[in-house]
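Worksheet: the structure to be examined is printed underneath.
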Amino acid sequence: MPASAPFNSLSSRYLPMDFSGGLTAAVVALPLALAFGVASGAGPMAGVYGAIFVGFFAALFGGTPTQVSGPTGPMTVVMAGVFTSMQAKYPETGLLLGFTAVIVAGLIQIALGVLKLGKYFILVPYPVISGFMTGIGVIIIILQLGPLLGHAGTPSLMAALTSLPAWLSSINWVELLLGGFALAVVYLWPSSWNVWLPRPLAALLAGTLAALWLPADSVAIIGDIPAGFPPLHWPAFSLEVAGELLYGGVLLAVLGAIDSLLTSLVADSMTKQQHDSDRELIGQGIGNTLAGLFGGLPGAGATMRTVVNIRAGGKTGYSGAIHALILLVVMLGAGQYAAHVPLAVLAGILIRVGIDIIDWPFFRRLSRLPVNTVALMLLVLGLTVFVDLITAVLVGVFLSNLITVERLTNIQLDSITLTNGADATEKGCSAEERWLASHQGKVLLLRLNGPLSFAVGRGLRRRLAGQLSHRLMIIDLTHAHLVGTSTAMILDELIHTETAQERQVLLVGVPDKARKSLARLGTLEYLGTERVLDSFSEAMAVVDGGRA
């Protein structure tokens, strides 16, 4: 697409290329949608409906023209947990409440986009993203061990870990071989053939055909699939479940936002365009809201499908919409054939998805990375697997921000000049330093060269603790062009501390913005206008004239 074309251009000029990209993406999406639907506990068609509704509306209303959306591994893991929790507490309406949580998630995403908060989701630190994505990959693999070994799967990680010894003691070797065969096809399928028949679809077809030669009752299959357009699932709501619906909605909305916007960055790097984060969240929100209304899984931008779409020629949002329409046509006409797909084959395909989600490059570089980075990633990984995603992300971001604040504090402290001229020499020192030295430590200069964060106050007080002999402090703000509330409060505290110890303070070169901040705090009024000077040279004259 030409660089001058708008980011969301839906020009029919690119329809042939968009059709090629959409068709190829649909071929990749179909087996994954079926697998994600089964893994979620809502059934295979929930995955397909999610791919159709999220894929169609996110493509037309989103902010990344070449992005293909639909159910993803991370979203499916979280959705499985939501379904499990709802059905355990509310057996009669649990499934409907799960879809209501999807609607809530969609509405939250729309709100995030309208409030223009999209840019903040891609500011999550890399170790945190690496940790929770790796954790999700581990969860997917563990959850698929049951179907792979010939047992009924469970959407609960702890239940899967508890059942693992029993599964290993009674392996269905036919299903294990079938799932292993599908996994081998996904890994060994030649890249040159992948253009014409993508790996997931090849594994699905090969595994299903192989199962047809086996005795009818020896392999568990998807089973009956409802035909026709999905019915509406009106949201279920009561004050009793409001907290759980909001929690599940926030969890899905945040994960979907991060997942989608990271995929948008991949699309940007391939197309040399710039996505609109806020519009993308609105598009994803519309898609997820409608998916929940029609019994579909929540979705997000899918990296593999997006890359396939771009490589096959997709240029605009029409490609994602075409992918969704092709899935709709296929399922309306060929849904009966999908009923024969073995669950072990889907497990093999999903295990590959889980392996791909794990951040292997991070693990390969463990020995070269800082200890705090590795510890943060492993902590988030552990919290994702054994607690929940929201806790993992919140703890990870909080700890990462503490590390960042510490680093910024050290940088800011290094930029502060604090001297009484004691180290000045006749050669190579400035007139200011010689002047300070002439007062034999009685005058102390504090010069700020940039903004100060709230954490700098303690470090500054520690440095001042070693300066006890001065009787007058000159605070020079000539080069401090950004004095916000934190900096102003630090200066206000410092001025009050100095005057309380019967030391005099002169404030020099106060910029207009800094003057407003200090005036709001009452600092200038406390200090007195005669002690707020325009330049350091004026301060020198005041001191030498005995007026300070």
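The values are calculated or read from the model by the stated rules, or taken from the named source; none is laboratory data. Quantities reported herein were computed from a predicted structural model and do not represent experimental measurements. Heads up, the Cβs are rebuilt from the backbone with ideal geometry, glycines too, and the neighbour counts pull from every protein chain shown. Accessible surface is based on the protein model in full, side chains and every heavy atom, while ligands, DNA and RNA are left aside. Shrake-Rupley method; radii C 1.70, N 1.55, O 1.52, S 1.80 Å.
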Open item on the list: With unit charges on the beta carbons (Lys and Arg positive, Asp and Glu negative) and the dipole taken about the Cα centre of segment 334-489, which residue among Leu445, Gly421, Thr404 sits farthest to the positive side?
Closed with: Gly421
- [ ] Hey, can you grab everything whose amide H is under 5 Å from the amide H of Ile474? Only 5+ residues off in sequence or another chain; H modelled, so Pro and N-termini drop out.
- [x] Leu444, Leu445, Leu446, Leu506
Task: With DNA, RNA and ligands ignored, accessible area of Val186 (1.4 Å probe; Å², nearest 10) - done: 10 Å²
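Relative to the Cα centre, what is the charge dipole magnitude of the chain, using +1 at the beta carbon of each Lys and Arg, -1 at the beta carbon of each Asp and Glu, and rounding to the nearest 20 debye?
That gives the chain a dipole magnitude of about 760 debye.
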Open item on the list: Compute the helix-to-body angle for 173-188: its Cα long axis versus the longest principal axis of the chain, expressed 0 to 90° and rounded to tens.
Closed with: 60 degrees
Task: Length added when fully stretched, Ile355-Ala375, from 0.36 nm per residue minus Cα-Cα - done: 5.1 nm
Task: Qualifying lysines (Cα of each under 24 Å from Cα of Lys272; at least 8 residues distant if same chain) - done: Lys116, Lys119, Lys315
- [ ] Express in Å², to the nearest 10, the accessible area of Glu502 obtained by rolling a 1.4 Å probe over the protein heavy atoms while all chains stay in place.
- [x] 150 Å²
Open item on the list: I'd like the FRET efficiency for Ala339 and Leu168, computed as 1/(1 + (r/R0)^6) with the beta carbon distance as r and R0 of 22 Å, rounded to 0.05.
Closed with: 0.15
TODO: Considering the convex hull of the alpha carbon atoms of segment 391-533, report its projected area averaged over all viewing directions, in nm², one decimal.
DONE: 10.0 nm²
Task: Label-point separation, Phe237 to Glu502 (7 Å along Cα→Cβ), nm - done: 6.8 nm
Open item on the list: Tell me the label only: which of [x] 102, 72, 42; [y] 104, 58, 53; [z] 80, 51, 43 is Cα extents along the principal axes in Å as calculated from this structure?
Closed with: [y]
Open item on the list: Out of all Cα-Cα pairs in segment 302-368, roughly what percent, to the nearest whole number, are more than 19 Å apart?
Closed with: 60 percent
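Students sometimes get this wrong: rank Ile411, Ile142 by accessible area, probe 1.4 Å, all chains present, largest first.
Reading off the accessible areas and sorting them downward yields Ile411, Ile142.
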Open item on the list: What does the extension gain come out to for Ser218 and Ala152, with contour length at 0.36 nm per residue minus their alpha carbon separation?
Closed with: 22.4 nm
- [ ] Mind pulling the angle between the C-alpha long axis of helix 389-414 and the longest principal axis of the chain? Nearest 10 degrees, somewhere in 0 to 90.
- [x] 30 degrees
TODO: Please give, to one decimal in nm, the separation of the simple spin-label points placed at Leu325 and Ile122, each 7 Å out from Cα toward the Cβ.
DONE: 2.9 nm
TODO: Please report Rg over Rh for segment 262-359, where both radii come from the alpha carbon positions and Rh follows the Kirkwood definition.
DONE: 0.99
- [ ] Please give the helix 126-143 orientation as an angle from the longest Cα principal axis of the chain, in degrees from 0 to 90, rounded to the nearest 10.
- [x] 20 degrees
Open item on the list: Could you sort Trp167, Trp213 by their accessible area in this structure, using a 1.4 Å probe and putting the largest first?
Closed with: Trp213, Trp167
Task: Beta bridge orientation in the chain: antiparallel %, DSSP, nearest 5 - done: 35 percent
Open item on the list: What does the C-alpha gyration tensor say about the overall shape of segment 366-419? Classify as rounded when a/c is under 1.5, otherwise prolate if a/b is larger than b/c, or oblate.
Closed with: oblate
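Suppose we look only past 16 Å in the calculated P(r) of segment 250-306. What percent of the Cα-Cα pairs does that tail hold?
That tail contains 42 percent of the Cα-Cα pairs.
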- [ ] Could you work out the per residue convex hull volume over the alpha carbons of segment 437-498, in cubic angstrom?
- [x] 82 Å³
TODO: Determine the distance separating the Cα centre of segment 23-49 from the Cα centre of segment 196-219; give it in Å without decimals.
DONE: 16 Å
TODO: Give the ranking of Ile355, Ile103 by solvent-accessible surface, highest area first, calculated with a 1.4 Å probe.
DONE: Ile355, Ile103
Open item on the list: Run the helix sum for the chain: -39,500 (n - 2.57) per DSSP H stretch of 4+ residues, divided by residue count, reported at 222 nm to the nearest 500 deg cm²/dmol.
Closed with: -20500 deg cm²/dmol
Open item on the list: Of Leu262, Gly249, Ala227, which is farthest towards the positive pole of segment 183-274's charge dipole, taken about the Cα centre with +1 and -1 on the beta-carbons of Lys, Arg and Asp, Glu respectively?
Closed with: Leu262
Open item on the list: If packing is taken as the average number of other Cβ atoms within 10 Å across a peptide's residues, how do 62-69, 105-112, 511-518 rank, most packed first?
Closed with: 62-69, 105-112, 511-518
Open item on the list: Let me cross-check Phe294: its accessible surface, 1.4 Å probe, with only protein heavy atoms counted, in Å² to the nearest 10?
Closed with: 40 Å²
Task: Rg/Rg_globular for segment 10-66, with Rg_globular taken as 2.2 N^0.38 Å and Rg from C-alpha atoms - done: 1.27
